[in-house]
1. Exactly one of these conditions fails for D271: (1) in a loop (DSSP other than H, G, I, E, B); (2) open to solvent by less than 20 Å² (accessible area, probe 1.4 Å). Give me its number.
2. Tally time: how many residues in segment 194-220 are of a type in the set (S, T, Y) and either under 8 Å from L231 (Cα atoms) or at pLDDT below 85 (or both)?
3. Exactly one condition in (1) touching a helix residue (DSSP H, G or I) at 6+ places or on another chain (Cβ under 9 Å); (2) farther than 22 Å from R298 by Cβ; (3) open to solvent by 20 Å² or more (accessible area, probe 1.4 Å) is not met by T383; state its number.
4. Starting from segment 127-152, take each residue that is farther than 22 Å from G75 by Cβ and list its partners that are open to solvent by 30 Å² or more (accessible area, probe 1.4 Å) and of a type in the set (S, T, N, Q), counting only C-beta distances under 9 angstrom and pairs at least six apart or across chains.
Amino acid sequence: MANIGITQALPNDALRLVFEELRRCDAWSHYCGMRLLCKAVNEIIEPEAFSSVTIGFTEQNMNTILDLLPMLAAGTTPYARWTKYLRVHNLVPLAEDGRTVWDRLKPGPNRERLLACQNEWDVSFSRFSNLEVIELHDVVLSSSILKGVKQLVANSPSLQRFVISRYRWSVDTLTPTLPYVTFDTVIEALIRAPAFTPTLKQLGIDVGGFHLNGSCFPFLACLTHLDIRGLSPKGISPTFWRSLEHSGIHLLRLAVQPLDPSIIDYLLSYDGLQEIVFKLDYTWSAADGSDMDTFARRFFYSVVPRHQDTLREIRFGCSERETWEASAMVPWIFNETYLEPLSLCKLLERVDVVFFYPSPNEKVRYPAVPLEILLSTASTSLTRLQELALMHVRNFHKYTGSSYAHKAFYNKVAKAFTTYVRRAMDICGEPLPFALSAMGPSCTSTGQLTRYHIAVESGCSEKAGDEEDVSDSDADSVISSDSGGCTGIYLCD
């Protein structure tokens, strides 16, 4: 009797299950190498082995890029047929725009070769036609790059996730920025296709040159996750949020900056939000004269109760050093009136709290919930809570420079706040059922943060004696000092 191989004995559906189990048990490289066994095995494994590709325009990857892009342009690589996930990063800024990079890619032949490849990327990438995920990181918007982005989107009728982030390396900031690019021009070729059906579920934009308005629909009709940051105050038109509401788009996750009153109106139009992230850099785009205080109160008193049955994460972020001043964060300082609506969210797993801890002699004080009450309420009411993050703010009136003496001052601030937190934990008596973290401003002016490491279990914390308060007079005493710079504080128990 002739020998019968596994590929003849089992149908393809059964073979797929066998190879799927092998993929879980073996290294990815071994799994991909199995496609060389025979034609039948290759037909099963090849689509998955070449379903994802990452292209980085770096000197380390230069030889790979120089080989891969021509094959993509000619359609002679399996990536052109099977890729569903495309990630491109570290695009080279164009020299003619004055955007020369000095800290990552030196001027020279290597840079010119990568730039030459990049200038043809719209030809190479036009071969992709099955993309479901497009991620473009470290992007400087230029005419050629924008052309390639439009081509990628136009060739991706099944696109489910699209992310584009700005270039994060040093560039010539004196160079005039490119004019705003309305996002609907990026997607217009796709949505005009006769057979267009909206499929996008996740959209992430962190590029200041984009402008979002109400004409982005129906491209966003299936959207569930939206992350838009780094845009200018005029980068998001209020019509964008009104269009989300009127189109019946109910987001599960929203991360946004800048803030606008229309966001609150949209969030109050439906139920089911699971995650919310606000970047509190005080970029405010309200055209109706409303203020941030009204925005914050409407969020805690109206939005949080509206989504109390589904909210799992409430997070905030601060990038600029000045926003950690208590005076700039007043609307978001957590007080006892915010505690009641928060305690209704029984599914909460992660919460950020802007917490005001002042100097003993600060003239201006702000109402803030006592920490022991916050911890006790979170322990009893939020039974699924995994992490509570305290964002420490206070009045740093005398901040100047980043000398060694300022480092000593901020170190005292950190120690005083850590002692205060430990004391509140001891008052609670029982070990906290969730992780407690804290952060605050460092002594540098570059937006770095102090990370406070605090023992979670009350029994593990140091017994708090007389805490060492830090007053503004401490800041006065270091104004004239001029020592070496520092990079931040890192406290560990």
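1. Unmet condition: (2).
2. 1
3. Single failed check for T383: (1).
4. Close Cβ pairs satisfying both conditions: E135/T54; L141/T177; L146/T185.
The values are calculated or read from the model by the stated rules, or taken from the named source; none is laboratory data. Because the structure is predicted, anything quoted here is derived from the model rather than measured. So basically every Cβ, Gly included, is an ideal-geometry build from the backbone, and we count neighbours across all protein chains shown. When the accessible area is computed, the model is the full protein with side chains, heavy atoms only, and any ligands, DNA or RNA have been set aside. Shrake-Rupley method; radii C 1.70, N 1.55, O 1.52, S 1.80 Å.
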